[in-house]
Amino acid sequence: MLIDSHHHLWAYDPSEYDWISDEMSVLKQDFLAPQLREIAGDNEIDGFVSIQARQSLTETRDLLKIAASEPLIRGVIGWVPFADANVAAAIEEFSDNKTLKGYRHVVQDEPDDRFFDGEAFNAGIRSLAGKNLVYDVLIFPKQLPAAIDFVDRHSDIPMILDHIAKPAVRAGEMDEQWKDLFTQLAKRDHVYCKFSGVATEVRDDSWSVETIRPYWDVALEAFGTDRLMYGSDWPVCLLATEYSRWLGAVKELAAPLSNSEREKFFSGNATKAYSLG
């Protein structure tokens, strides 16, 4: 079985997805259930987890609506206004929807590197405790110190680090500060990690398996085969690679693992972390 733990869907509207710049023209189109089914068929994907791409309750509702009629979507990570006083009511709106597995905030775009310290935001995050919901952590390496404090503050909430914290990848180089902080974060047993979104962080003119291998090695060593999972970040990955090329590269990296370890990486860990059933 193969579960893609990280992808996005949208009906493209420039006013709603203003983060998609002119340099990202390949993303300025619809990516919906028909395109997802094509990706699944071409790459033998058994299921997906749909992740929010804009901070809107409307988008969360739309993703759940799509998932209701698309069996490939095993779970949805939505968004709620964690720092608002009415966050509990927003979470309650989706409490009966079993496809809703948790939430994410686009912390990588927050100007304050210590955004995770915000009192109101943390109060909202505490609303997830005891509800069998997860929180996806989307950050850049500069936000890792705050993220470590944040996950320690909420050790009773399962968390999943997206895109190995998005280090800048260059052939023959290693971001040692990222490596150190990333490894520290991985010591928290309630945190999982997605090996996803790495190709788009390559700063060279092109990328190869060997370019990203050092980052794979760090991620595998830090999180082990019980807390690391596969993700594509499709369609955002199209900025750097076709889906099949990314999947092929990850399969090559994972080839030395045992059969049971590959099963956990490609499906079991996502199923467990997100309670996909």
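Quick notes
- Within segment 123-139, tally of residues that are surrounded by fewer than 18 Cβ atoms within 10 Å (Cβ to Cβ) and more than 19 Å from residue 101 (Cα to Cα): 1
- For segment 85-108, the criterion of being modelled with pLDDT under 95, part of a loop (DSSP other than H, G, I, E, B) and more than 27 Å from residue 276 (Cα to Cα) is met by at least one residue.
- Once segment 222-234 is narrowed to residues that are farther than 16 Å from residue 159 by Cβ and crowded, with 21+ Cβ neighbours inside 10 Å, the residue that is nearest to the chain's Cα centre (by Cα) is 233.
- Every condition in (1) buried (at least 17 other Cβ atoms within 10 Å of the Cβ); (2) more than 22 Å from residue 193 (Cα to Cα) is met by residue 89 except one, and the failing one is (1).
- Within segment 241-264, being within 22 Å of residue 50 (Cβ to Cβ), without any contact (Cβ under 8 Å) to a residue 60 or more places away in the chain and buried (at least 18 other Cβ atoms within 10 Å of the Cβ) holds for 241, 246, 250, 264.
- Selection status of residue 271, assigned to a helix (DSSP H, G or I), within 18 Å of residue 161 (Cα to Cα) and without any contact (Cβ under 8 Å) to a residue 60 or more places away in the chain: no
- Flag if residue 30 is modelled with pLDDT of 95 or more and in contact with a Phe, Trp or Tyr (Cβ under 8 Å, 6 or more places away or on another chain): yes
- Matching residues in segment 1-47 - criterion: being part of a helix (DSSP H, G or I), touching a Ser or Thr at 6+ places or on another chain (Cβ under 8 Å) and of a type outside the set (A, V, I, L, M, F, W, C): 42, 43
- Residues satisfying the stated conditions in segment 189-216, i.e. surrounded by fewer than 20 Cβ atoms within 10 Å (Cβ to Cβ), assigned to a loop (DSSP other than H, G, I, E, B) and either of a type in the set (Phe, Trp, Tyr) or touching a Ser or Thr at 6+ places or on another chain (Cβ under 7 Å) (or both): 190, 204
- Listed by first and then second residue, the pairs linking a residue in segment 146-175 that is charged (D, E, K, R) to a residue that is in a strand (DSSP E or B), with Cβ atoms under 6 Å apart and 6 or more places separating them unless they lie on different chains, are 162/136; 162/194.
- Selection within segment 1-54 - surrounded by fewer than 18 Cβ atoms within 10 Å (Cβ to Cβ), acidic (Asp, Glu) and over 16 Å from residue 239 (Cβ atoms): 13, 16, 18, 30, 38, 42, 44, 46
- Figure legend. Inter-residue proximity from segment 22-39: first residues closer than 17 Å to residue 50 by Cβ, second residues among the acidic types (Asp, Glu) and outside any strand (DSSP E or B), beta-carbon distance below 6 Å, spacing 6+ or different chains. Indicated pairs: 33/70.
- Whenever a residue of segment 212-225 is under 14 Å from residue 187 (Cβ atoms), its partners that are of a type in the set (S, T, N, Q) and surrounded by fewer than 18 Cβ atoms within 10 Å (Cβ to Cβ), lying with C-beta atoms within less than 8 angstrom and at least six residues away or across chains, give the pairs 218/183; 221/183; 222/183.
- For segment 176-203, a residue qualifies if it is in contact with a strand residue (DSSP E or B) (Cβ under 8 Å, 6 or more places away or on another chain) and either among the acidic types (Asp, Glu) or over 23 Å from residue 271 (Cβ atoms) (or both), and the qualifying residues are 201, 202, 203.
- As a summary of the residue check, residue 69 satisfies the conditions (1) more than 17 Å from the chain's Cα centre (by Cα); (2) polar (S, T, N, Q); (3) under 29 Å from residue 92 (Cβ atoms); (4) surrounded by 14 or more Cβ atoms within 10 Å (Cβ to Cβ) except for the one numbered (4).
The values are calculated or read from the model by the stated rules, or taken from the named source; none is laboratory data. The structure displayed is predicted, hence computed values, not measured ones. Reconstructed Cβ throughout: ideal geometry from the backbone, glycine too, with neighbour counts over all protein chains shown.
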